[in-house]
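A.B. asks: Just passing along the structure, written as structure tokens.
Only the coordinates and a few stated rules stand behind these numbers; no lab work does. Predicted, not measured: the structure shown is a model, and the values here were computed from it. Reconstructed Cβ throughout: ideal geometry from the backbone, glycine too, with neighbour counts over all protein chains shown.
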Amino acid sequence: MSTPLVGIEAARIVYGTRTILDDVSLAVMNDDRIGIVGVNGGGKTTLVEVLAGLREVDSGRVTRTNGVTVSAVGQQRSGVPEALLLGQFLFGDAPSHTWASKPLVRDVLDGLIGGMQAVLYPFGMTTAMGSMSGGQRRKAELAKALMEDPDLLILDEPTNHLEIEAIDWLAAFISRRRSATMIVTHDRWFLDAACATTWEVVDGQVHKYEGGYAAFILARAERQRRDAVTEERRQNLLRTELAWLRRGAPARTSKPKFRIAAAEALIADVPPPRDSVSLASTASARLGKKIVNIENASFSIGVNSPTVFADVTWHLAP
């Protein structure tokens with residue numbers, strides 16, 4: 001039986017002149033697997049931060065079931081002390097025999113890091129977090145969240161820095177989880193593989209669809225078709241009412257006042273624009289034929305750390 005873990009009621013968040021969430025009410029159930037989609041800057045991360053308890057709403061209410069545990073892995077670099085060792089970050093001061101034999105721990109280490117032996121390099125348990133690359137830290141943070149096995153797991157772009165095999169494993173792992181998971185990602189395949197429900201954050205609202213990304217695209221297209229039919233009917237009725245209003249004062253005074261009020265309401269009832277990102281991208285012009293050029297670039301974390309990449313030449317165009 002599904003039970004609510006976290007809910008928001010009439011939530012509103014405003015940044016300056018932009019409304020990020022506008023009177024949003026929803027709930028996360030204990031067995032939900034939710035993918036969250038929307039344009040960049042549209043409110044996806046803000047929504048999950050509210051649900052994770054990391055951000056307050058300007059108005060409205062956030063409710064949580066007593067005792068609910070939440071683990072969240074975001075895109076920003078965490079505030080973990082640079083000198084903290086990987087083993088301490090993952091398991092605290094617990095001796096290895098207390099965690100090394102746990103099936104969940106072995107499953108996560110096998111899937112994300114390549115097995116128990118792989119922790120020796122480059123994920124040695126005595127490796128300082130500050131000496132790890134961004135991708136290595138990301139894997140460590142993701143592994144820690146998965147091994148905590150929380151009631152609600154929130155992942156923001158979890159496939160960043162993961163190899164294909166690890167992404168495939170993570171999708172299967174999330175599908176097997178019996179607790180709630182929320183995922184913000186642009187990886188369409190991952191959404192289809194891991195999620196049973198899709199939430200679209202757009203224009204301050206959250207629209208819910210059953211299924212993964214493919215089902216969401218089909219359902220959104222059907223919604224847009226219905227919206228277009230409704231708008232066409234509104235426009236036809238509007239033309240009729242405008243023609244009636246143009247007949248002049250004698251004709252209007254001979255008609256019921258409620259029809260005048262209805263016509264005025266119809267004129268004022270213009271639906272808000274949908275998919276404004278499409279309009280914005282159409283209006284913007286390309287600025288040249290190249291976006292990023294990298295020539296013979298090399299990078300390493302430190303003097304005694306492994307090289308991340310060497311002599312890379314890469315050109316990124318529109």
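A.B. asks: Simple spin-label model, 7 Å along Cα-to-Cβ: Leu85 to Asn30 in nm?
C.D. replies: Placing both labels 7 Å beyond Cα along the Cβ direction yields 3.8 nm.
A.B. asks: So, one more: According to a simple spin-label model (label point 7 Å from Cα along Cα-to-Cβ), what is the distance in nm between Ser96 and Ser2?
C.D. replies: 4.4 nm
A.B. asks: Taking θ = phi - 60°, what integer Hz values does the Karplus form 6.51 cos²θ - 1.76 cosθ + 1.60 yield along segment 91-97, in sequence order, with x for Gly and Pro?
C.D. replies: 10, x, 9, 5, x, 4, 5
A.B. asks: Over all directions, the average projected area of the alpha-carbon convex hull for segment 1-159 comes to how many nm²? Can you show the working numbers first?
C.D. replies: On the way: hull surface 44.5 nm².
Its average projected convex-hull area is 11.1 nm².
A.B. asks: Can you compute the radius of gyration and Dmax for segment 36-106, using only the Cα atoms, both in Å?
C.D. replies: For segment 36-106, the Cα-based Rg and Dmax read 17.0, 48 Å.
A.B. asks: Once you wrap a convex hull around the alpha carbon atoms of segment 148-195, what is its projected area averaged over all directions, in nm²? Display every interim value, and only then the final one.
C.D. replies: On the way: hull surface 12.6 nm².
Dividing the Cα hull surface by four gives the mean projection, 3.2 nm².
A.B. asks: Follow-up. Sequence-distant or interchain residues sharing an amide H contact under 5 Å with Ile154, placed H: which?
C.D. replies: For Ile154, whose amide H was placed from the backbone, the distant partners under 5 Å are Ser71, Ala72, Val73, Met182.
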